[in-house]
Every structure is written in structure tokens, then in C-alpha cells.
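Visitor: Here's a structure for you.
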Amino acid sequence: MHTFSRPAALLALSLGTLASLPALAADELHYNQISLRAEVNKDVARDLMIVTLYTEEQNTDPAKLAAAVSTTLNKAIGQAKQVKDITLRQGSRSSYPIYDNKGGKITGWRERAELRLESADFAALSKLTGELLTDMKMGGMDFAISTAVRQSSEDALLKDAVNAFKARAQLATDALGGKGYKIVNLNFNTNGYPQPFMRPQMMMKAASMDAESVTPEVEAGTSQVSMTADGAIEVLMQ
């Protein structure tokens, strides 16, 4: 038969009480808590024009084919470098064999190389695009929101989202008859900044234009961006 001394029993009781305190604190943390969401929206002008051009050649000699494609590409790069505020990037370049009707013998090679141009100066890029379409073809054109404009619009939206969340928090507090509230947590999320997509209808339109009138019409438009504020508040009761 085992016996326990009184001090040992009191110590065990004290330890048990202390161990239960974190659980009680966790329960109290969730007392009168409410989850809320607020969303704000804004139309942001697309200030970046993006054009993709390409050259495509065919030849039975792979070396001559590569040289012809490089010549056209280098000429276009040289022209583009003469225009201010144009960001120039070389896109994909690929070649593949051409087979005869039976599909067993290689009769030639085809190669394609792309050139990507970006600028906030729509007029300058439109003019350059028209000039380059003399030797190259239009792969696509689209408009996007630049990094600088995106950051500034997100800063403005964040302030609006905080104010919208506070308004909802106060509304919920008043509905519950509380004397105030405190924010437990708050998270932000933005969307509405789509990646540029090269529009096929613009590609078709550009391909149908004559050499004397190849400057594309420019209509950038806007994108609706939004920011959500998700969080929780604890209502302080009377």
C-alpha cells in the first residue's frame, strides 16, 4: 500500500493547476472573436505596351537558314536600340526539320526567332513596330501594368482596405453592443494584375495591313485590381 505526504499532494495539485492555465488562456483568447473580410477595388490604367515580333525562314541548308534568321533579327535589334525608352528582349528561337510527303525524308529546315519589345511610350513603340513589320511579322500585342504603377496602386488600396476593415469591425462591434474592439490578426491579398497575353485578333489585324500603313492602333484600357483584408477582431463587451 502506497501513501502520499500532504506537501507532495499539494505540489501535485499546484502543478496540475499551472498546466491547465495555457488551456484556459487559449479559451479566453477566442472569447468574443469575429472573423471579417473587406474588399476594395480600383481601375488602374495599363501603362506598359508589349509587342512580340518574329521572323521565320526556310532553307535546305541549316547553316544558311540560321544566318538568314540572324541577319533579320540583328537588323531589327539595331533599329530598336535607336529608339529611347524601349526595353528589348530576345524571345524564343527554334528550328525543326521539314519532311517529304511520306514523312521519312528531311527535305529542309524551318527556323523561327522572336523579339519582344516593351515601352511606356506607346507612340514610339507603335511607330517602331510599324517600321519593323517591313521585315518581321507580328506575333502579338498587349498592354500591362508596370511594376512602379502596381506598387503605387497597391499602397493606395492597402490604406483603403484598412479603412474598410475598420468600418466593418466597428459595425460588428455596435451590432453586438460592445464598447470597442481590438484587431487580433489581419492579412492582405491583391489580385487583378493579369499577365500579358498576346492577342491573336491583333496579330491577324497587323498581318492584313499594307507596308505603308502598318502602325497599329493603340488602346491600352484599364484593369480592375482589388485588395482584400481578412482578419479577426475581439469585441470588448460593456
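The values are calculated or read from the model by the stated rules, or taken from the named source; none is laboratory data. Predicted model, so just to flag it, every value in this text is computed and none were measured. No Cβ is skipped: glycine too gets one built from the backbone with ideal geometry, and neighbour counts run over all protein chains shown.
Visitor: Under 7 Å between Cβ atoms, which residue pairs at least 6 apart in sequence (or on different chains) link something in region 159-176 that is under 20 Å from residue 190 (Cα atoms) and without any contact (Cβ under 8 Å) to a residue 24 or more places away in the chain with a partner that is crowded, with 16+ Cβ neighbours inside 10 Å and of a type in the set (Ser, Thr, Tyr)?
Guide: Sorted first by the residue in region 159-176, then by its partner, the list stays empty.
Visitor: Another one. Determine whether residue 140 is surrounded by 15 or more Cβ atoms within 10 Å (Cβ to Cβ) and either assigned to a helix (DSSP H, G or I) or not hydroxyl-bearing (Ser, Thr, Tyr) (or both).
Guide: Here the answer is yes, as residue 140 does meet what is asked.
Visitor: For residue 12, state whether it is at pLDDT below 90 and not charged (D, E, K, R).
Guide: yes
Visitor: Can I ask one more? What single numbered condition from (1) in contact with a Phe, Trp or Tyr (Cβ under 9 Å, 6 or more places away or on another chain); (2) farther than 30 Å from residue 188 by Cα fails to hold for residue 145?
Guide: It is condition (2) that residue 145 fails.
Visitor: Also: Give the residue, chosen from 134, 147, that is exposed (fewer than 14 other Cβ atoms within 10 Å of the Cβ) and in contact (Cβ under 8 Å) with a residue 12 or more places away in the chain.
Guide: Checking each option against the conditions leaves just 134.
Visitor: Using the structure shown, decide if residue 155 is in the same structural domain as residue 190 (by TED's automatic domain parsing) and either more than 16 Å from the chain's Cα centre (by Cα) or free of Cβ contacts under 8 Å to residues at least 12 places away in the same chain (or both).
Guide: Against the criterion (in the same structural domain as residue 190 (by TED's automatic domain parsing) and either more than 16 Å from the chain's Cα centre (by Cα) or free of Cβ contacts under 8 Å to residues at least 12 places away in the same chain (or both)), residue 155 qualifies.
Visitor: If you don't mind, there's one more thing I want to ask. Restricting the search to region 41-85, which residues are in a loop (DSSP other than H, G, I, E, B), closer than 14 Å to residue 119 by Cα and touching a residue at least 12 places away in the same chain (Cβ under 8 Å)?
Guide: Answer for region 41-85, where residues must be in a loop (DSSP other than H, G, I, E, B), closer than 14 Å to residue 119 by Cα and touching a residue at least 12 places away in the same chain (Cβ under 8 Å): 46, 47, 83, 84, 85.
Visitor: For region 96-122, what are the residues that are surrounded by fewer than 17 Cβ atoms within 10 Å (Cβ to Cβ) and of a type in the set (Ser, Thr, Tyr)?
Guide: If the condition is that a residue be surrounded by fewer than 17 Cβ atoms within 10 Å (Cβ to Cβ) and of a type in the set (Ser, Thr, Tyr), then 96, 99, 107 are the ones that fit.
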